[in-house]
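Everything below concerns the one structure shown next.
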Amino acid sequence: MAAPSWKLQQGLSLSLCLQIAEALLKERDKQAKWNGIPLLLQKLYEHSHPNSDFSQCQSILKEISPLLSMEAMAFVTEDRKAAQESTFPNTYTFDLFGGVDLLVEILMRPTLMTQKKKQKISDDLIKDCLSILYNTCICTEGVTRRLAERNDFVLFLFTLMTNKKTFLQTATLIEDILGVKKEMIQLDDIPNLASLVSSFDQQQLANFCRILAVTISELDTGSDDKHTLLAKNAQQKKNLGPSRAEVNQATLLNIPGFIERLCKLATRKVSETTGTSSFLQELEEWYTWLDNALVLDALMRVANEEAEQSSTESSDESGLANTSTRTQLPQSMKIMHEIMYKLEVLYVLCVLLMGRQRNQVHKMIAEFKLIPGLNNLFDKLIWRKHSASALVLHGHNQNCDCSPDITLKIQFLRLLQSFSDHHENKYLLLNSQELNELSAISHKANIPEVDAVVNTDRSLVCDGKRGLLTRLLQVMKKEPAESSFRFWQARAVESFLRGTTSYADQMFLLKRGLLEHILYCIVDSECKSRDVLQSYFDLLGELMKFNIDAFKRFNKYINTDEKFQIFLNQINSSLVDSNMLVRCITLSLDRFENQSDAKVAEVLSECRLLTYMSQMSMRMSFLFRLINIIHVQTLTQENVSCLNTSLVILMLARRKEKLPFYLRTLQQMEYTEKYPGFILNNFHSLLRFWQQHYLNKDKDSTCLENSSCISFTYWKETVSILLSPDRTSPCAIVSYIDEAYMDIDRDFSEE
C-alpha cells in the first residue's frame with residue numbers, strides 16, 4: 001500500500017508530529033529526505049520531559065547538529081547571493097517539526113521549575129542547543145524573528161552569559177536576535193545587569209559591546225542626513241520623553257566602573273592582552289560560531305603563512321623547536337584580535353559621546369585618559385603599516401571598507417570627531433608643548449588666551465613628541481588621493497575648529513601646512529568625490545574664517561588665474577557642498593572691510609578670493625542659487641546650511657541698510673528668468689519653516705551664533721522683518737512679490 005499523500009505545513013507543532021506513527025515517519029522520511037530529523041526530535045522530546053535528567057538529550061543533539069552545521073557552513077562560505085538562492089532542507093525540516101520551540105523549552109525549563117525540583121542542564125547541552133538554534137536562524141527565514149518576539153527568551157539568554165563556557169555562543173545568538181527585533185529591548189529589564197557586566201573579563205566585555213551597540217543606537221530608518229527636517233520634526237513631536245536608546249545609554253553610565261573598563265580596553269597594548277592558550281580556546285569556539293567564520297578564515301590563513309615562514313627559517317633546528325613555533329600565536333593574529341575588540345569598544349564610546357549624557361561621558365573618558373592612551377597606540381596599531389601578508393576578510397581586498405583595519409581607522413576618526421566637536425576637552429588632543437605653542441601664538445598676536453586652554457588639566461593631555469591632532473595631520477597629508485579616509489580625517493580636524501573661532505587654533509594648524517594641503521587636494525588633484533570635497537570646503541571655511549593670515553596664504557598658493565578658476569569651478573559645482581565656505585568668505589570680508597589695519601587693507605586689495613566676493617553681482621548670484629536649490633519639503637540636516645548661509649548674506653546687508661536693495665535685485669533676477677515670484681515665494685516658505693525649526697524650545701541656537709559671530713537675537717529679528725505681512729515695508733519679502741504671483745500661505749507637511 002502506497003504511503004498516504006499529505007502535505008506538512010510550516011509551523012506544524014511537535015505534538016502533532018508525535019501523533020504520527022513511527023513507521024509512517026520512517027517511510028515518509030526516505031521519500032522526503034528528512035535525514036531522520038523528525039524521528040530524532042521525537043526521541044529528544046521523550047528524553048526531555050520535566051522529570052528527566054537530560055542524560056540522553058546530548059547524544060541525540062550530537063546526531064542532529066552535524067546535519068545543520070553543514071548547511072550553516074555552506075551558507076556563510078558561499079557567495080551571499082548564491083546562498084540566498086540555495087535551500088537548506090535540514091534546518092527547514094528541523095524547524096518544521098518543532099525543533100526550535102523544543103530547544104527553547106529545554107533551555108528555559110530550569111527557570112520554570114520550583115526551587116526543589118530545579119533541573120541542572122550541563123554546559124555542553126546548553127552549548128549544543130545554542131549552536132543548533134543559531135545555525136537554524138541563519139539558514140531558515142523567519143526563525144530569528146520568531147525568537148525575537150519572545151521577550152522572555154531574549155532576557156533569559158542574558159542570564160546564560162554569566163557562564164564563561166557558554167558566553168560566546170550566547171552572545172552571538174543574542175546579537176543575531178536583537179538585530180531583527182522590531183522593538184529595542186530595555187537594558188533595565190535584564191536581571192542583575194550591573195553584576196552581570198562586572199563578572200565579565202575584558203574579552204567578554206568587548207564582545208558584549210557588540211550587543212550593546214544594538215541597544216544604544218537609534219533604530220536605523222535610513223541615512224540621518226537624508227531624512228527631511230519636516231519628517232524629523234514631526235517625529236519629535238510624537239516622541240515625548242527620551243527614546244529607548246537614550247534610556248539604555250543612561251543605564252550603562254550608571255553601571256559602576258563601566259566607562260573606565262571600556263577606556264582600558266580601548267587603550268591597552270597588544271602585549272597586555274591575555275595569553276595564547278585562552279585565545280586559541282576562543283578561536284575553537286569561533287570555529288563553531290559561523291558568524292565569525294570569515295574572520296577566522298582570515299586569521300588562520302595568516303597564522304599558516306607565519307608558521308610556514310618560521311618553519312623554513314628554523315629548518316636546521318630540532319623538531320622540538322618547530323613544534324614550539326607552531327603552537328605560538330602569531331603576532332599578526334594577536335593584533336587582529338585586538339583590533340576587532342577595539343572596534344566594538346570605540347563604537348560604544350562614540351555613541352555615548354553623542355548622547356544626552358555627553359558631558360558626563362566626556363568627564364569620565366578624560367579622567368581615564370582615553371585620548372593619551374589612543375595616542376600611544378596610533379603608530380603601532382591604529383595607523384600601523386600593512387604587513388606583506390595584509391589581513392583582509394574572505395572575499396574582500398585590503399582597501400575594502402569592510403576590513404577590520406579600515407573599519408578601526410574610520411571608527412577612531414569618528415570618535416575624535418565626536419570628542420572634539422564643540423567641547424573644551426578637545427585640547428586633550430595636544431601635548432604640553434603644543435598647548436604652550438597655543439599660548440605663545442595668543443601672546444604674540446596680543447590677544448587673550450582661550451579659557452579652555454588655560455584650564456586644561458596637563459596631567460590628562462597626550463604625552464610623547466606629538467599629540468593626537470598632530471599625528472592625524474601627518475597621516476592626512478600622506479593619504480593617497482583616492483583614499484576613503486580623506487573624508488573622515490577632514491571631519492575630525494574640522495570638529496577641532498568648530499565652535500567659537502579661535503585664532504590660535506587656526507594658526508596652530510596653518511603653521512603645519514594644512515591650508516596648502518587642502519588647496520592641493522581641491523585644485524591640483526581636482527578631487528571628484530562629493531563627500532570629500534564637502535568635508536574639505538567645511539574644513540577650509542573653519543580654518544580661514546576671520547583669519548587674515550589664512551587669506552594671505554590662500555592668495556600665495558592660488559597664485560594664477562587658472563588655479564583660481566579651478567577653485568571657483570569646484571565651489572560652483574555644488575553649492576550644497578561648498579556653502580559653508582561661501583559663508584566664511586562673506587563673514588570674513590564683512591569683518592575685514594570694517595577694520596582699519598594696514599595689513600588687512602593690503603590683503604583685501606590683493607586676495608583674489610576677497611576681491612571676487614566683494615563684487616555685489618557675485619554675492620547676489622550666490623544668494624539667488626542658494627535659495628533656489630532648497631525647498632521646505634527637501635530640507636535635510638545636510639542642506640539646511642544653504643538656508644542659513646543665505647540668511648547670513650541678508651543679515652550683513654541689513655547691517656549696512658542694504659536689505660531692500662538685495663530683495664529688489666532678487667525680484668529683478670526673477671523677472672530676468674521669466675518666472676516672477678518663484679524665488680521669493682520659496683524663500684518666504686523657507687523662513688517660515690526656519691522659525692518653526694529654530695525657535696523650538698529644545699533647539700540649541702549656540703551653533704548658529706558661534707559659527708557666524710552674530711547674536712541669535714539678530715537672526716530672529718531679521719527673519720521676522722523679512723516675514724512681515726506689511727506690504728509697505730521695504731524689508732518685507734511680500735513687498736517684492738506681485739499679488740498675481742503671491743503664494744505664501746501654503747501649509748507644509750512632511751509628505
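What the table shows:
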{"item": "Normalised per residue, the volume of the convex hull around the Cα set of region 451-556 (Å³)", "result": "109"}
{"item": "Cross-link table LYS552/LYS716; LYS181/LYS232; LYS62/LYS165; LYS342/LYS426; LYS465/LYS552; LYS409/LYS465, entries beyond 25 Å C-alpha to C-alpha", "result": "LYS552/LYS716; LYS465/LYS552"}
{"item": "Interchain or long-range residues, amide H under 5 Å from THR636's placed H", "result": "LEU229"}
{"item": "Extension gain, SER574 back to ASP463 (0.36 nm per residue minus Cα-Cα distance, nm)", "result": "35.8 nm"}
{"item": "Chymotrypsin sites (Phe, Trp or Tyr not before Pro) within region 652-743, DSSP loop, no more than 13 other Cβ atoms inside 10 Å", "result": "none"}
{"item": "Qualifying trypsin sites (Lys or Arg not before Pro) for region 517-567 [loop in DSSP, other Cβ within 10 Å: at most 14]", "result": "LYS528"}
{"item": "Accessible area of region 495-567 divided out per residue, in Å², using a probe of 1.4 angstrom", "result": "34"}
{"item": "Restricting region 596-698 to trypsin sites (Lys or Arg not before Pro) in coil, as DSSP defines it, with at most 13 other Cβ within 10 Å", "result": "LYS656, LYS674, LYS697"}
{"item": "Spin-label pair TYR557/THR634, simplified geometry with 7 Å Cα→Cβ offset, distance in nm", "result": "3.2"}
{"item": "Whole-percent carbon and sulfur share, accessible surface of region 482-592, 1.4 Å", "result": "49"}
{"item": "Solvent exposure of region 587-742 as accessible area per residue, Å², 1.4 Å probe", "result": "45"}
{"item": "Whole-percent carbon and sulfur share, accessible surface of region 612-679, 1.4 Å", "result": "52"}
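The values are calculated or read from the model by the stated rules, or taken from the named source; none is laboratory data. Just so we're clear, the structure is a prediction, and the values are computed from it rather than from any experiment. Cβ sites come from the backbone with ideal geometry, for glycine too, and all protein chains shown count toward neighbours. These area figures cover heavy atoms from the full protein model, side chains too; ligands, DNA and RNA do not enter into them. Shrake-Rupley method; radii C 1.70, N 1.55, O 1.52, S 1.80 Å.
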